[in-house]
Each structure stands twice: as C-alpha cells, then as structure tokens.
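The values are calculated or read from the model by the stated rules, or taken from the named source; none is laboratory data. It should be emphasised that the depicted structure is a prediction, and the values quoted were computed from it without experimental measurement. All Cβ positions, even for glycine, are placed from backbone atoms using ideal geometry, and neighbour counts span all protein chains on display.
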2 protein chains.
Amino acid sequence: MREWSYEELMQELTKPSETKILLVVLDGLGGLPIPELDNKTELEAAKIPNLNELAKRSMLGLIEPVLPGISPGSSAGHFALFGYDPLRYYVGRGVLEALGIGFPLQEGDVAIRANFATVKYEGNQPIVVDRRAGRPSTEETKRLCAKLRSEIGEIKDVQVLIEPVKEHRFIVVLRGEGLGEGIRDTDPQVTGKPPLPPKPEPDTTENRKTAEIAAKLIDQIAEVLKDEPKANYALLRGFAKRPSWISFGELYKLKACCIALYPMYRGLAQLVGMKVLEFDGETIADEIDALKQVWKDYDFFFLHIKPTDSRGEDGNWQGKIAVIEEFDQNLPKILTLSPDVLAITGDHSTPALYRAHSWHPVPILLYSRWVIPDPTVENFGERSCAKGTLGRIPSKFLMSLLLAHAERLERYQA
Amino acid sequence: MREWSYEELMQELTKPSETKILLVVLDGLGGLPIPELDNKTELEAAKIPNLNELAKRSMLGLIEPVLPGISPGSSAGHFALFGYDPLRYYVGRGVLEALGIGFPLQEGDVAIRANFATVKYEGNQPIVVDRRAGRPSTEETKRLCAKLRSEIGEIKDVQVLIEPVKEHRFIVVLRGEGLGEGIRDTDPQVTGKPPLPPKPEPDTTENRKTAEIAAKLIDQIAEVLKDEPKANYALLRGFAKRPSWISFGELYKLKACCIALYPMYRGLAQLVGMKVLEFDGETIADEIDALKQVWKDYDFFFLHIKPTDSRGEDGNWQGKIAVIEEFDQNLPKILTLSPDVLAITGDHSTPALYRAHSWHPVPILLYSRWVIPDPTVENFGERSCAKGTLGRIPSKFLMSLLLAHAERLERYQA
C-alpha cells in the first residue's frame with residue numbers, strides 16, 4: 001500500500017481553469033495585544049474598514065507555518081505558503097544570503113556567506129582576533145569586495161564571484177562543473193583560535209574539489225588583504241547549492257507570478273518557479289498597479305508586502321498599523337480585479353511587542369464564492385480569526401484550499 | 001525508535017465491552033449558505049427540533065475527510081470514517097464499479113470497467129468512432145450483456161463474468177488463479193484512433209496472463225457484436241482487485257454491522273469486514289426498523305442515509321432539507337435504543353449550491369455520557385460546528401474517538 005504524498009496528490013488532482021487566485025502576504029502580519037492600544041493587536045487596532053467589510057463575506061482562520069511553537073524564518077514561512085513543507089524543503093544559508101541581495105544563482109553554483117575578519121599570525125598560522133573585522137561599514141565592504149574582485153577571478157576551472165552584502169558580510173559564489181555543497185564552515189565561532197580548514201563533509205569527489213578551491217580562495221583573499229589594518233581575512237560559512245525542486249507550474253498547473261519589492265522574496269518565488277515581475281515603484285499602490293498590468297497574463301499572483309514585518313521587528317506598532325491601513329486603502333483597487341479566490345495573510349507573525357518573528361499562528365482571510373462566512377464577525381483580527389469558520393490549518397495546506405476554492409481540483413478517488 | 005501506526009495503536013489498545021456505538025452517515029451532509037434561505041445552509045435551514053435538542057447535550061465539531069481542499073469520492077470519505085486513511089487505503093475503479101452494482105467480488109477476482117463502443121475497421125485494424133456507442137439505454141446494455149454472456153464463459157482457465165451497469169457501461173470480472181491488476185486501460189480517450197492493447201504494467205507473470213486473457217476477451221466481444229450497428233466493440237478500464245485489508249473486527253474488536261440501501265456503501269462496508277444487513281424497505285424509517293431488529297446482535301452500527309447527497313448533487317436544497325428533516329423525525333426512535341455513543345455526520349459535504357462533492361469539512365454531532373457540551377449552542381449546523389467543543393479533526397481519527405467514548409480503549413503507555 002503506497003501512501004499518496006501531497007505533491008503527488010496535487011499533480012494528480014489539479015486541472016487547468018480560467019479562475020484567478022491572488023495570495024496577498026503581509027509579511028509578519030500577526031501580532032500580540034499591546035497595552036498602550038487598549039490590549040488590541042496591531043491588526044485589531046488598525047482602521048481597516050475595507051478589510052473588515054470583506055471579512056464579513058469571507059472565512060477567517062489561522063494558519064500555522066511550521067509546527068506549534070516554531071518561529072519560521074522568511075524562507076520557511078513562504079515555502080509553507082507555497083505548499084512546500086518547510087520541514088522537507090529548505091535551502092542552505094549561502095543560497096538565502098544570495099537570494100537576499102538578488103544574486104542570480106544558477107544551477108550548480110555554490111553560494112557561501114562570508115565575513116571579513118581580523119587575524120594575527122603566529123608564524124604562518126592565522127589566529128582569529130575579530131570575527132567581524134571591527135564591523136566595517138557597508139561602503140567599506142564594497143571597497144574591499146572590489147579589491148578582491150580585481151585580483152581574484154578564477155581558481156582552477158571555477159569562476160569566483162564576490163558581492164558585498166551589509167557591514168562585514170559578503171557572499172562568494174563558486175561557479176563551475178562538479179562542485180559540492182558539503183563543506184564545513186571555516187568560522188571557529190570564537191576568537192583566539194585558528195580558522196577551521198574548509199573540510200569536505202562527507203568526503204566526496206565534488207566536496208573535495210570545492211574544499212580545495214575554498215582553501216586556495218582563503219589564501220588568495222589573505223594575500224590580497226594582507227595590508228588592510230582590520231579586514232585582513234575572510235571566514236566562510238553556509239556553503240549551499242540552489243536546489244531544483246518541482247516547480248509551481250508542475251505541481252499545480254498554475255501560471256504563477258510574483259510581485260515583490262525585496263530581493264529575498266523575489267528569490268524565494270523564483271526558486272519555486274514563479275515568474276518574478278520587473279516593475280518600477282516602491283509602495284503598495286505601485287505593487288497593485290503592477291498587479292493590474294499583468295492580471296490577464298497569469299492565473300496565480302503572489303503579492304508580497306514587506307514593511308509590516310520590518311515595523312514589527314523595530315517594535316514600531318504605530319508604523320505597522322500604518323502599513324496595514326495603507327494596504328486597506330488599496331484593497332478596493334484589488335477587488336475591482338474580481339479575483340476568484342483572494343487570500344490575505346502572512347508568512348509568520350512579527351508582533352511589535354516581541355520585536356521578532358514569532359511562533360503565533362497567522363490570521364488569514366479567505367474570500368471566494370464558496371465560503372461559509374460567520375455572520376457574527378465584525379473585523380479581521382487575531383481573535384476573530386481564532387474563532388473563524390476556516391479553523392486552524394497548517395500553512396502548507398493553504399495551496400490545496402486555494403485551488404479547491406478556484407475549482408481547480410478534481411475529486412480524490414471515486 | 002519505531003513509530004506506532006494508527007492500526008497498531010488500535011489493535012493494542014482496544015478492549016471488548018458491552019457498549020454500543022452508532023455511526024449515522026448522512027451522505028454529503030455539509031452545505032453552503034444559500035441566498036434564497038437567508039444565507040442559511042441546508043442543515044441550518046432544516047426544521048430539526050430533535051437534532052437541535054440533542055446538539056445541546058452533545059459535542060459539535062467538524063471532520064476533515066482527506067486534507068484541506070480535497071473533495072473526496074464516496075470510497076475515500078467512508079474509508080476515512082472507518083479509520084482507514086484514504087491516502088493509504090484506496091481501491092481501483094473496477095472494484096468500485098463492481099461494488100456500485102453489488103457484485104459479490106471474491107478474493108483474486110480482477111474487476112474491469114467496460115464501455116460499449118463503436119469502431120470501424122481499416123483492414124483488420126479497429127478505429128474508435130464513438131467511445132460510448134451512441135450511449136445505449138440501460139435496457140439495451142442489458143440485452144448486449146446477455147448476448148455476450150451466452151457466447152463467452154471462459155477463456156483458458158479463467159471465468160469471465162459480465163454484468164450491465166448503466167447506459168453504455170458494464171463490468172467484466174475475471175475469476176481464476178494467478179491474475180494481476182496491472183493492466184493499462186484500452187480506451188484511447190479520443191476517437192479516430194485504434195484502441196490501446198491491454199498492456200501489462202509492470203510486466204509480471206500475473207499481469208501478462210491477465211493481459212493475454214483481456215486481449216482474447218476483446219477479440220471475442222468484437223466477434224460476438226460484429227453485426228451490432230453501434231455497440232460493436234468494448235473498451236476496458238480500471239483493472240483492479242479487491243484488496244484484503246485488516247478487518248474492522250481485528251482493528252477494533254468490534255462486531256460491526258452495516259445498514260445501507262445502496263450497493264456502493266454496502267460494498268465499502270463489506271470491504272472492511274462489516275456484516276452487511278439484508279432487510280426490506282427503502283426509507284429512513286425502514287433502515288431504523290432494521291437497526292432495531294439487530295440492536296442486540298452487534299456492537300457497532302454504520303447506518304447510511306443516501307438521499308442527502310443525491311439531492312445535493314441535483315442542486316435541490318429543498319429536497320436535501322426534506323431528507324434531513326425526515327431523519328430528524330426518526331431520531332427519537334434511534335434514541336430509544338440508548339446507544340452509548342452516537343455520532344451523526346457525513347462522509348463529505350455536497351452543498352446544493354455546489355452540486356457536487358466538495359472539500360468543506362463536515363459537521364459532526366457526538367453524543368455520549370463523556371461529552372463536554374457547549375451551553376451556548378442552539379442548533380446543529382455548519383457554523384455552530386465550526387465553533388464546537390469537539391473542534392476540527394481528521395475523519396480518519398473519528399473511530400478512536402468513538403471507541404474512547406464507548407470506553408473501549410485502554411490507556412496508551414503507563
């Protein structure tokens with residue numbers, strides 16, 4: 001007896017249709033009651049007449065990104081929303097760092113997170129003195145990266161690509177044939193010790209080749225930077241390849257499009273095979289204008305709104321409320337597109353009170369012609385969602401629910 | 001570390017008892033708000049004073065037949081209710097078609113769905129002209145099947161059993177030693193092409209034998225029907241064996257009995273090893289009379305009521321409401337039997353508005369002396385169930401819940 005996996009179920013049951021699905025992700029949407037707001041959450045305190053009116057015609061619920069108590073990173077939260085179980089689908093740190101700056105990773109590339117560091121030498125042996133080289137400014141890191149790029153281009157048959165990130169952080173991408181991602185971090189995690197050698201784990205041909213190149217690269221970096229007063233070394237971590245997963249199109253028979261301003265989210269959408277839209281602008285209104293432009297061309301739209309999360313991480317509840325209200329003011333423009341299925345939710349909660357991603361399940365509003373609204377609902381908020389007719393479901397099952405509401409799923413078994 | 005499966009848990013923990021469990025399945029019970037009914041669902045709009053009174057003394061909840069968004073077929077919905085995970089337990093199309101007409105499948109039989117079709121010949125090569133032979137009436141199909149039966153009885157050492165189903169559809173059952181079910185469908189799915197040969201997939205001895213017999217059978221059918229103006233050929237699909245699963249009795253230590261009028265549901269109950277009751281009548285009252293007759297003889301009763309689903313599929317909400325009300329009027333007769341545990345639910349939702357099986361979770365009412373009722377509940381309906389004290393559980397875990405309420409489960413671990 002063979003058990004059907006979710007992926008098999010989706011490939012088997014999905015069918016093409018003319019219906020359109022819009023998934024709006026207000027990053028970090030969920031919050032906690034704030035004493036200064038009369039114990040309302042950010043979402044509950046926001047003046048959102050359009051969302052509240054829509055809530056009365058929708059199903060409300062809560063989605064659980066990973067498991068109870070687990071606070072997801074951005075990638076885990078989004079993979080779950082896209083129907084990729086985050087306990088089975090995840091990408092290495094190097095890849096996430098590259099996605100975060102919008103680096104166009106190719107198949108086979110090995111992406112590495114790198115830190116500028118300060119070492120002193122005991123004989124020929126470097127000893128780590130500062131793991132962050134005194135935290136250089138981003139501008140300084142740009143200069144250092146340019147210096148490295150001018151000296152280091154290829155090692156053996158492998159291209160070495162270097163890009164600054166922020167402060168002491170930069171990325172290295174190795175591009176070539178037969179590279180592996182199983183390389184131990186070289187950061188010893190403490191000062192006063194030598195950097196660790198880039199050891200292949202496990203010891204395969206591909207990992208060995210990559211480890212040798214990494215060792216040469218570290219030596220070359222040390223040589224190029226030897227006269228820098230602080231940033232005279234680099235520590236490498238999170239060696240990772242971009243995975244090639246079953247695509248959104250193959251899984252769901254959807255032509256999917258991503259509208260997002262931040263590189264990380266554009267990268268995550270690209271990883272699952274969505275078309276990532278190029279457009280001008282930087283506001284929610286700009287994103288919705290872009291959405292309108294391509295409404296005819298796709299049948300699934302992932303619209304990502306970032307600042308709810310940023311304000312939450314800053315502990316700035318007024319700011320987070322303002323972003324939610326800004327979205328509310330733009331909601332009528334979305335509704336004029338008449339999506340067959342509209343879900344408004346988050347990838348995780350970022351309560352302003354907690355100032356970080358949290359484990360709290362995320363409010364969701366699901367609208368379609370096939371919903372069972374609750375006539376007692378008055379607003380879209382954490383507590384109305386906790387009692388909502390949609391109930392509480394794992395985020396990883398949201399996609400099948402959206403597809404069902406879009407009449408894009410066949411019956412399972414006769 | 002070995003994980004306990006649900007089946008192992010049940011076999012380990014169930015204990016005999018004198019308690020009686022009644023599971024009433026109102027097929028396709030769940031509905032959607034209907035504008036003409038003041039946005040009440042069929043269940044919410046029905047006048048069901050007895051159910052509503054019982055709801056106040058029960059726990060209400062929602063059960064999820066497969067996964068969020070998945071609309072189950074009848075078999076999947078029922079297997080879940082019986083505690084057989086529908087993603088692991090499923091039967092082939094041929095078997096379901098045979099169960100649907102009440103054909104007594106034996107172990108080792110291969111059941112096949114067959115269509116009468118029209119072919120023309122290019123030389124010796126048949127080309128499909130009409131995959132349904134102009135949709136003959138059921139009467140005509142009976143005549144054609146009788147004609148085939150008079151000419152075809154055995155092929156090699158294998159018995160060939162032929163039964164009409166409906167319109168152009170009939171079933172073929174191959175009965176003999178060493179048969180396999182891995183045979184590709186012969187229906188090319190389009191006209192203007194030759195039928196596909198019955199290819200063994202994978203190529204095993206059993207499948208090869210069955211494919212050879214199927215090929216001979218197709219030739220013999222073509223020969224017998226050669227002078228028929230339309231139905232001069234047959235297309236074979238869904239080759240399948242009746243599975244032999246762990247039985248209800250072995251799993252749960254229950255002596256279980258099925259009271260159902262429709263062959264499909266009687267067949268599904270028989271598949272899991274329930275005794276299927278023979279009785280006269282065709283109404284809900286007749287079914288309850290039959291239940292009373294055998295109340296002393298069994299300790300688990302599966303009472304199936306079909307027309308809620310049929311009326312739902314017809315979009316006939318008045319009709320569906322009438323069936324629910326008819327059940328309500330009969331409920332007092334059930335209650336006089338004083339079941340220790342009474343669950344009233346459905347195998348899936350069939351909203352009259354949707355006119356088909358849907359993915360919406362199904363209302364459930366669970367009554368026993370060990371329930372935690374909600375004093376604010378006023379009725380048995382989708383929205384009271386969405387907020388009910390039973391919560392939302394996968395249908396496949398209903399059995400352990402019923403057994404617990406019947407005090408038929410030992411504690412798990414000391």
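In the set (1) farther than 24 Å from residue A:332 by Cβ; (2) surrounded by fewer than 21 Cβ atoms within 10 Å (Cβ to Cβ); (3) of a type outside the set (Val, Ile, Thr); (4) in contact with a Phe, Trp or Tyr (Cβ under 9 Å, 6 or more places away or on another chain), residue A:38 fails one condition alone, (4).
Residue-wise test of (1) more than 17 Å from residue B:73 (Cβ to Cβ); (2) part of a strand (DSSP E or B); (3) of a type in the set (A, V, I, L, M, F, W, C).
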{"position": "B:230", "(1), (2), (3)": "yes, no, no"}
{"position": "B:234", "(1), (2), (3)": "yes, yes, yes"}
{"position": "B:240", "(1), (2), (3)": "no, yes, yes"}
{"position": "B:244", "(1), (2), (3)": "yes, no, no"}
{"position": "B:251", "(1), (2), (3)": "yes, no, yes"}
{"position": "B:257", "(1), (2), (3)": "yes, yes, yes"}
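Considered as a group, the residues in region A:356-387 that are of a type in the set (Gly, Ala, Ser) and in contact with a Lys or Arg (Cβ under 9 Å, 6 or more places away or on another chain) include one that is farthest from the other protein chains (Cβ to nearest Cβ), and that residue is A:381. Take the residues in region A:394-409 that are crowded, with 22+ Cβ neighbours inside 10 Å and not in a helix (DSSP H, G or I); name whichever of them is nearest to the other protein chains (Cβ to nearest Cβ). This residue is A:409.
Between B:123, B:108, B:134, B:102, the distinction of being surrounded by fewer than 23 Cβ atoms within 10 Å (Cβ to Cβ) and free of Cβ contacts under 8 Å to residues at least 40 places away in the same chain belongs to B:123 only. Kindly check whether there is at least one residue in region A:116-131 that is touching a strand residue (DSSP E or B) at 6+ places or on another chain (Cβ under 9 Å) and not in a strand (DSSP E or B). Within region A:116-131, one or more residues are touching a strand residue (DSSP E or B) at 6+ places or on another chain (Cβ under 9 Å) and not in a strand (DSSP E or B). Applying the set (1) within 29 Å of residue B:140 (Cβ to Cβ); (2) in contact (Cβ under 8 Å) with a residue 24 or more places away in the chain; (3) not hydroxyl-bearing (Ser, Thr, Tyr) to residue B:246 leaves exactly one unmet item: (1).
How many residues are touching a Pro at 6+ places or on another chain (Cβ under 7 Å), at pLDDT 95 or above and not in a loop (DSSP other than H, G, I, E, B) if we restrict to region B:82-110?
Qualifying residue count for the region: 0.
For the structure I just gave you, tell me whether residue B:178 is in contact with a helix residue (DSSP H, G or I) (Cβ under 8 Å, 6 or more places away or on another chain), at positive phi and outside any strand (DSSP E or B). For residue B:178, the condition - in contact with a helix residue (DSSP H, G or I) (Cβ under 8 Å, 6 or more places away or on another chain), at positive phi and outside any strand (DSSP E or B) - is met. For region A:24-35, the set of residues classified as surrounded by fewer than 22 Cβ atoms within 10 Å (Cβ to Cβ) and under 27 Å from residue A:264 (Cα atoms) consists of A:32 only.
In region B:40-81, how many are part of a helix (DSSP H, G or I), of a type outside the set (S, T, N, Q) and facing chain A (nearest Cβ under 7 Å)?
Matching residues across region B:40-81 total 1.
Counting the residues of region B:17-60 that are at positive phi and touching a residue at least 12 places away in the same chain (Cβ under 8 Å) gives 1.
Selection of region A:363-393 for residues being β-branched (Val, Ile, Thr), in contact (Cβ under 8 Å) with a residue 24 or more places away in the chain and part of a loop (DSSP other than H, G, I, E, B) yields A:371, A:372, A:377, A:389. Examine region A:304-320 for a residue that is in a strand (DSSP E or B), more than 21 Å from residue A:258 (Cβ to Cβ) and of a type in the set (D, E, K, R), and state whether such a residue exists. No, region A:304-320 has no match at all.
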